[in-house]
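**Student:** First the structure, which I've put down as structure tokens, then a few questions once you've had a look.
The values are calculated or read from the model by the stated rules, or taken from the named source; none is laboratory data. Source: prediction; values computed, not measured. Backbone-built Cβ (ideal geometry, glycine too); neighbour counts: all protein chains shown. In case anyone asks, the SASA skips ligands and DNA or RNA and just uses the protein heavy atoms, side chains included. Shrake-Rupley method; radii C 1.70, N 1.55, O 1.52, S 1.80 Å.
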Amino acid sequence: MLHHLLHLPFIILHFVATALIIVGAVVLFRAFARRRCGMESLQSSSNGYPENSAFEDYRRATITRLEKEADEFRSYLEKLRRAADASAFQAFLQSRKNGGSSVS
């Protein structure tokens, strides 16, 4: 019974090797089919899809617009923080003026 366990690594290796051969065959088949259909001759972007100049223009414009909006929003948040700090400071000065030593 124990001698059957010695065959286990070879059985696992057999299945792994078979799976690798199948995956390799699929990859080669797809590459061959793509070349045969002329897909390789199309200009492709880095993600593997043909470039679409209209979409790229739209994407660039959208990213630029969003970056501008993000800068404006950060500026707005900074103004809010400054206003909150000024308000807290004024409350502190008022409490000191009124004789209190702590602010709630």
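**Student:** Inside segment 61-101, can you point out the residues that are surrounded by 10 or more Cβ atoms within 10 Å (Cβ to Cβ) and not in a helix (DSSP H, G or I)?
**Tutor:** 100
**Student:** Could you grab the pairs with beta carbons closer than 6 Å, sequence gap of 6+ or different chains, first residue in segment 80-99 and among the hydrophobic types (A, V, I, L, M, F, W, C), second one surrounded by 10 or more Cβ atoms within 10 Å (Cβ to Cβ) and modelled with pLDDT under 90?
**Tutor:** Cβ pairs passing all conditions: 91/103; 92/103.
**Student:** Could you tell me whether segment 45-53 includes any residue that is at pLDDT 80 or above, of a type in the set (Asp, Glu), under 22 Å from the mean Cα position of the chain (by Cα) and surrounded by 10 or more Cβ atoms within 10 Å (Cβ to Cβ)? Let's see the steps before the verdict.
**Tutor:** Looking only at segment 45-53, we keep the residues that are at pLDDT 80 or above, and these are 52-53.
If we keep only those that are of a type in the set (Asp, Glu) as well, we get none.
Within segment 45-53 (the criterion being at pLDDT 80 or above, of a type in the set (Asp, Glu), under 22 Å from the mean Cα position of the chain (by Cα) and surrounded by 10 or more Cβ atoms within 10 Å (Cβ to Cβ)), the answer is no, since none of the residues qualifies.
**Student:** If only one of 14, 4 is at pLDDT below 85, open to solvent by 90 Å² or more (accessible area, probe 1.4 Å) and assigned to a helix (DSSP H, G or I), which one is it?
**Tutor:** Going through 14, 4 in turn, just one is at pLDDT below 85, open to solvent by 90 Å² or more (accessible area, probe 1.4 Å) and assigned to a helix (DSSP H, G or I): 4.
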